[in-house]
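The values are calculated or read from the model by the stated rules, or taken from the named source; none is laboratory data. All figures in this text were calculated on a predicted structure; none of them were measured in a lab. Every residue, glycine as well, gets a Cβ built from its backbone with ideal geometry; the counts of neighbours run over all protein chains shown.
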Amino acid sequence: MNLTLHVWRQPDGRTAGRFETYEARDVSPAMSFLELLDVVNEGLIARREEPIAFDHDCREGICGACGMVINGRPHGPRRATTACQLHLRQFTDGDELWIEPWRARAFPVVKDLIVNRSAFDRLIQAGGFVSVNTGGAPEANTIPVPKPAAERAMDAAECIGCGACVAACPNASAMLYVAAKVAHLALLPQGQPERARRVVSMVDAMDAEGFGACTNHAECTAACPKEIAIDFIAQLNRDYAHGLLHRLSGGV
Amino acid sequence: MELRALVPEGPIERKWERRRFEVKLVNPANKRRYHVIVVGSGLAGASAAATLAELGYRVSCFCYQDSPRRAHSIAAQGGINAAKNYQNDGDSVWRLFYDTVKGGDFRAREANVYRLAEVSANIIDQCVAQGVPFAREYGGTLANRSFGGAQVSRTFYARGQTGQQLLLGAYQALERQVALGRVAMYPRAEMLDLVVVDGKARGIVVRDLVTGAVSSHAGDAVVLATGGYANVYYLSTNAKGCNVTATWRAYKRGAAFANPCFTQIHPTCVPPAGEYQSKLTLMSESLRNDGRIWLPRRQGDHRPPQDIPDAERDYYLERFYPSFGNLAPRDIASRRAKEMCDQGLGVGPGGQGVYLDFRDAILRLGRDVVAERYGNLFEMYERITGENPYDTPMRIYPAPHYTMGGLWVDYNLMSTLDGLFVIGEANFADHGANRLGASALMQGLADGYFILPYTIGNYLAQTKPAEVPAEHTAFRSVQAEVAARSTTLLGVTGTRSVDSLHRELGTLLWDRCGMARTGAGLRAAIDGVRALRERFWKDVYVGGRGEDLNQALEKAGRVADFMEFAELMCEDALHREESCGGHFREEYQTAEGEARRDDARFAYVAAWEYTGASERPRLHKEPLAFEHVPLAQRSYK
């Protein structure tokens, strides 16, 4: 099949970027989207032009490194699929594709399709953990965890931290990402001692990083390659209100 | 060079306890004066960095990814072993130890393996306390499953994303220490060389992958947690960025490289679809618990698999190994698949594939149970191939997956270079010639949480803090070498892309130093690697600048090191005139086609010492004694 690609090229965060057009000829429908970019890059290298820079690593949909907006949709058209797991059989011969980096104030462009997502790490630093030092853990079966709670925690914990939720949100909000972490830990007994402090601290950090607020568009959950449910945002809001009251009452 | 394993005296059950008592302790008030450099942020690196910081050391941690959470441990699917015996099925520390030594085909150090089994239970406790959402029973206790090669259920899991959940636990512990100011985290930073002063590792030279700036970092000890080298084959299940550079540079600075020919080919991967294939995707081995592997009995049987009646199917693993069947260890399952395909029985593109069929499991358990166990794996398979495994069997084929070889370490996890510690997949220690399923996560976390933090203290206690600063001339000269190397790579005005040359190297090794090896093939491979390396330095075209984000340059440096490393791997495979675990020499097999070990000649660790660019590496042998697990031929019949 043949595809026309319009790819965002930007040398660095200080220089303005623009779309460049590349023709991909005779590519296989069994190819992954990143393999398509590999092939385009091989062509660029052969012509002594600079290859397209894009983040990628595991190429099996779990590391969360890859991410690009394809025809206006983070990770492209297929439900629950990262760009690396998207295959060209999802497109039609002759399609024109517009490929851009995540667009969000908190994710500045580094080069071409690469953005800086360190803000996500800083959100975890704000409280996305259980404070337990190595060696200080009780025997693992001491505290039973109801199976439904463990399953639901796992639903939230599946987040791969790719940032598609932020890219999809008209407010560039990180609510789904924060909600997933807050809910994962809030659903487990191990997360209870720090529950109130964690949620307030993470939401404050999210505001400080320049992520927007949630206005219930639900674009995040539609774009999420792990289909993290928007219900977790409801839980985040409830926990946040509880956390604020807790702080007002001198608890945090 | 002398290999001193430093295994503690006394009965095997008391060795680790004894060592923990013997080690010198660093005064708590002094710990913050010591600076430890950790390279890599996977299970081993992140757990070590977090734990060392908790203990009070100053830690710097480096990773090439944009976030430490993306290290390739994240992709491990199946689970983590621990000798908890929660299932009351007769598991014990001793049994896990026994299984691991035997599964490793008697090429691992007994004392290390025993310790691994011993601390395995603590790992589960730690991870649960961190909030790792392991699978549970309805009563709220932890669930287990049986996993490739084990006859007890000792594997803990979090759906098909166990590696992800364990890594996020370690990552969160690490970020907590970053927030406390005890760990300085350097993402998008790649270690390009090790700095050794008077025989001691004193720091590293790093390239900032965004700006291209090369900088020196001095520490009182250096910990390499940089993973394995399966990407030497180009196509493997590793992430694209995984590389041998850190361990190879350390080797060239004096650390012995042990058993580089011990590589593991995983039996259950999605077969390659075409020339452009950039990596291979592993389908968790847990699929073999309920899936049955078969091929059509007749060559050239192109009927859809559903239309082939049972009588015309060959469930060859069940035929060869009646007691283990589809759960035969990885090396055996892989080799048998290749043999069957080499006989022209393979299915799918290029005849490179065997069926993994869930028809019977769906009939027996129902579609819902199968979906609960493997739903996400089935989805992943469907995304890649466009085929639905509920209706049509999966096609799988072996792919390089894990490397048991790595830098040689003593019982304290220190390499032959003082102050250089190596943990996780990057070292050689615990898996011998073959790793059992769900043991990599166990080893990475055992090293990082529970072993290195004790043993490194013993070294630091005998070292003055900050003896060699980053301003030392040694750093300046290594930094100059690193910069010169980049300049040379950028200056080659060839026509070939880095990837195309890497692919060539991969094909050569897969054919000659892959699942089955011969003396003649390996000699040819060594000549081939040398010739290819020469061409690499003439024909490659990298492009771009060094002072910029330049992914072609990153790859070029890694592939240049693979080109050197590949020769050592073949040398090691050539010298080891026996078959054991993942190392199968066709000349050394039993009448039934099983691996024939030669314990009289080869019951040792082969540790190679670098002696110069144009010199042959020098072989050192660490003899292995099996006092607790009697030497026996593995039999899974």
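Listed values, structure above:
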quantity	calculated
Scan of the range B:210-229 for residues that are surrounded by fewer than 24 Cβ atoms within 10 Å (Cβ to Cβ) and either in a strand (DSSP E or B) or touching a strand residue (DSSP E or B) at 6+ places or on another chain (Cβ under 7 Å) (or both), ordered by number	B:Val210, B:Val214, B:Ser215, B:Ser216, B:His217, B:Ala218
Failed item, numbered, when B:Ser500 is tested on (1) more than 14 Å from chain A (Cβ to nearest Cβ); (2) part of a helix (DSSP H, G or I); (3) surrounded by fewer than 18 Cβ atoms within 10 Å (Cβ to Cβ)	(1)
Candidate set from the range B:82-109 (those that are within 14 Å of another protein chain (Cβ to nearest Cβ) and touching a helix residue (DSSP H, G or I) at 6+ places or on another chain (Cβ under 7 Å)); member that is farthest from B:Asn434 (Cα to Cα)	B:Lys84
Near pairs, Cβ below 9 angstrom, 6+ apart or cross-chain, from the range B:268-284 (more than 10 Å from chain A (Cβ to nearest Cβ)) to any residue that is surrounded by fewer than 24 Cβ atoms within 10 Å (Cβ to Cβ) and basic (Lys, Arg)	B:Pro271/B:Arg395
Among the residues listed as B:Asp410, B:Asp391, B:Asp447, the single one being of a type outside the set (A, V, I, L, M, F, W, C), touching a Leu at 6+ places or on another chain (Cβ under 9 Å) and surrounded by fewer than 24 Cβ atoms within 10 Å (Cβ to Cβ)	B:Asp410
Scan of the range A:51-98 for residues that are facing chain B (nearest Cβ under 7 Å) and either surrounded by fewer than 19 Cβ atoms within 10 Å (Cβ to Cβ) or among the aromatic types (Phe, Trp, Tyr) (or both), ordered by number	A:Arg89
Residues of the range B:157-172 satisfying the condition of being more than 7 Å from every other protein chain (Cβ to nearest Cβ), farther than 20 Å from B:Asn85 by Cβ and in contact with a Gly (Cβ under 8 Å, 6 or more places away or on another chain)	B:Gly160, B:Leu167, B:Gly169, B:Ala170
Residue within the range B:230-253 that is part of a loop (DSSP other than H, G, I, E, B), touching a Gly at 6+ places or on another chain (Cβ under 7 Å) and either assigned by TED's automatic domain parsing to the domain that holds B:Gly519 or under 30 Å from B:Arg367 (Cα atoms) (or both) present	no
Check on A:Cys84, assigned to a helix (DSSP H, G or I), more than 21 Å from B:Ser47 (Cβ to Cβ) and in contact (Cβ under 8 Å) with a residue 60 or more places away in the chain	no
Residue count for the range B:574-596, restricted to those that are in a loop (DSSP other than H, G, I, E, B) and touching a Phe, Trp or Tyr at 6+ places or on another chain (Cβ under 7 Å)	7
Residue within the range B:136-156 that is within 14 Å of chain A (Cβ to nearest Cβ), hydrophobic (A, V, I, L, M, F, W, C) and buried (at least 24 other Cβ atoms within 10 Å of the Cβ) present	yes
Single condition A:Ile124 does not satisfy, out of (1) under 23 Å from A:Ala229 (Cβ atoms); (2) more than 7 Å from chain B (Cβ to nearest Cβ); (3) in a helix (DSSP H, G or I)	(2)
The range B:312-364, subset basic (Lys, Arg) and in a helix (DSSP H, G or I), residue surrounded by the most Cβ atoms within 10 Å (Cβ to Cβ)	B:Arg330
Of all residues in the range A:21-37 being within 11 Å of another protein chain (Cβ to nearest Cβ) and of a type in the set (S, T, N, Q), the one that is surrounded by the fewest Cβ atoms within 10 Å (Cβ to Cβ)	A:Ser28
Per-region count, the range B:533-556, residues surrounded by 17 or more Cβ atoms within 10 Å (Cβ to Cβ) and either away from chain A (no Cβ under 14 Å) or closer than 27 Å to B:Ser614 by Cα (or both)	9
Odd one out for B:Gln165 among (1) surrounded by fewer than 24 Cβ atoms within 10 Å (Cβ to Cβ); (2) out of contact with any Ser or Thr (no Cβ under 8 Å at 6 or more places or on another chain)	(1)
Among residues of the range B:412-444, those that are closer than 17 Å to B:Val119 by Cα and without any contact (Cβ under 8 Å) to a residue 60 or more places away in the chain, counted	1
Selected residue (only one of A:Arg117, A:Arg103 is surrounded by fewer than 24 Cβ atoms within 10 Å (Cβ to Cβ) and of a type in the set (Lys, Arg))	A:Arg103
For A:Val40: the one exception among (1) more than 8 Å from chain B (Cβ to nearest Cβ); (2) within 25 Å of A:Ala168 (Cα to Cα); (3) of a type in the set (A, V, I, L, M)	(2)
Single match in B:Asp331, B:Asp301, B:Asp360, B:Asp290 (criterion: out of contact with any Ser or Thr (no Cβ under 8 Å at 6 or more places or on another chain) and either without any contact (Cβ under 8 Å) to a residue 40 or more places away in the chain or of a type in the set (A, V, I, L, M, F, W, C) (or both))	B:Asp301
Qualifying position, being in a loop (DSSP other than H, G, I, E, B), at pLDDT 95 or above and closer than 29 Å to A:Cys220 by Cα, among A:Asp38, A:Asp57	A:Asp57
Residue within the range A:46-57 that is closer than 30 Å to B:Ala71 by Cβ, within 17 Å of the chain's Cα centre (by Cα) and among the acidic types (Asp, Glu) present	yes
Single unsatisfied condition, A:Gly136 versus (1) facing chain B (nearest Cβ under 7 Å); (2) over 22 Å from the mean Cα position of the chain (by Cα); (3) free of Cβ contacts under 8 Å to residues at least 24 places away in the same chain	(1)
Subset of the range B:27-64 [under 19 Å from B:Pro187 (Cβ atoms), touching a strand residue (DSSP E or B) at 6+ places or on another chain (Cβ under 9 Å) and assigned to a loop (DSSP other than H, G, I, E, B)]	B:Gly40, B:Ser41, B:Cys63, B:Tyr64
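Residue-wise test of (1) part of a helix (DSSP H, G or I); (2) hydrophobic (A, V, I, L, M, F, W, C).
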| position | (1), (2) |
| --- | --- |
| B:Gly375 | yes, no |
| B:Met380 | yes, yes |
| B:Thr416 | no, no |
| B:Tyr449 | yes, no |
